[in-house]
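Read-outs throughout are calculated quantities, based only on the coordinates presented, and are distinct from any laboratory measurement. Model, not experiment: these values are computed from the prediction. Reconstructed Cβ throughout: ideal geometry from the backbone, glycine too, with neighbour counts over all protein chains shown.
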Amino acid sequence: MKRRTFLKATGISGLGVSLMPQVIGAPSEMPLTTPANTSICIATWNFHKASKTAGELLDSGASALDAVEKGVMVEESNLENHTVGKGGAPDRDGFVTLDACIMAPDGDCGSVAFLHDIEHPVSVARKVMEKTPHKMLVGEGALAFALEQGFTRQNLLTEASKEAWEEWLEEKEYRPIINVENHDTIGMLCLDENGDLAGACTTSGLAYKMRGRVGDSPIIGSGLFLDNEIGGAVATGLGEEIMKNVSSFLIVELMRQGNSPQKACELAMDRIIKSNPAYRDFQVAFLAINKQGEVGSFCIHPGFTYMKYQDKQNTNFNSPSFLK
Ligand code: SD4
């Protein structure tokens, strides 16, 4: 099992438990440019089943919006992934609470935060987008809406996650602190055969977070942003830093100004680094694609990888990093 080490953030103490899925095979070097003459799916980390599911849907003519939803749902159901959906690590009180958002090519979007007992928050986010006059629902209201829409209520805390949490409770002082641990949120962007772009981001957030804590992942502009004329970006890592800098929106705006996805991710990372001198103590990673199908990524610490599915090839790439 490969472990990426993320340390505590400035001014807050305590370490969470590492709950990492395996990296399958060695990641390849990052491709610099790719013409978008075919559909493409990119996704954070090494979630090869998720990118394959979305990529194959795109191959069969599915829309980017359907592909991102179905793609990230794979991880929401993956019990081995302790950072997304069912099986996700709980908050410090033992509750699994989920954050997710989705964005369509026309710029419409939906999101849910602090949602519990629902396996597929991304699908609830899509319903928020399609069935309500709002963009975001949280907590009890989001749950009530999900149930109204026919989603089934279920316990998302698995035995494995419960045990890890109980272990954490023994070792850690029970204090209102934010624990910063390893990250495996899935952010996905798909370009379909019509050249339309959609994105989704879903997570259980930081393990053993304070009850009610919401990170960047469901926040349009922070964990995800796209403009169908320009490109899209997703983020993973310490949400507090990403939210402060509205990083995904920034990356898309930097691409609008003519920067490549790679350069845009690097410039957005400059902001993260300049805004917190303790940047060595946390991880943030960005992944972006433009309308030409060029992909870029950048992270603070080495170890971030991403998936790319194109022309039936589903590959895990190593991201360049600020620290070597
Ligand atoms: C958050 N950005 O809630 C998320 C955490 C993450 O993989 O990326 N986990 O802050």
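Subtracting the Cα-Cα distance of LYS312 and GLU148 from their residue separation scaled by 0.36 nm leaves 55.2 nm.
The charge dipole of the chain, taken about its Cα centre with unit charges on the Cβ atoms of Lys, Arg (+1), Asp and Glu (-1) only, comes to about 680 debye. For GLU130 and ALA160, the FRET efficiency from 1/(1 + (r/R0)^6), where r spans their Cβ atoms and R0 equals 41 Å, is about 0.75. Put in order of Cβ neighbour count within 10 Å, fewest first, the listed residues ILE251, ILE272 become ILE272, ILE251.
With Cα atoms as the point set, the range 152-285 shows a radius of gyration and Dmax of 16.9, 53 Å.
Compute the Kirkwood hydrodynamic radius of the range 242-324, taking the inverse of the mean of 1/r over all pairs of distinct Cα atoms, and give it in Å to one decimal. Numbers along the way, then the final one.
Details: mean 1/r = 0.0763 Å⁻¹.
Kirkwood radius, the range 242-324: 13.1 Å.
Per-residue Cβ neighbour counts within 10 Å put LYS135, LYS209, LYS70 in the sequence LYS135, LYS70, LYS209, beginning with the fewest. In terms of overall dimensions, the chain has a Cα radius of gyration and Dmax of 17.8, 54 angstrom. Put in line by how crowded their Cβ is, counting other Cβ atoms within 10 Å and starting with the fewest, PHE286, PHE145, PHE95, PHE225 read PHE95, PHE145, PHE225, PHE286. If you take the beta carbon distance between ILE273 and ARG211 as r and set R0 to 35 Å, what does 1/(1 + (r/R0)^6) give as a FRET efficiency, to the nearest 0.05? The computed FRET efficiency comes out at 0.70.
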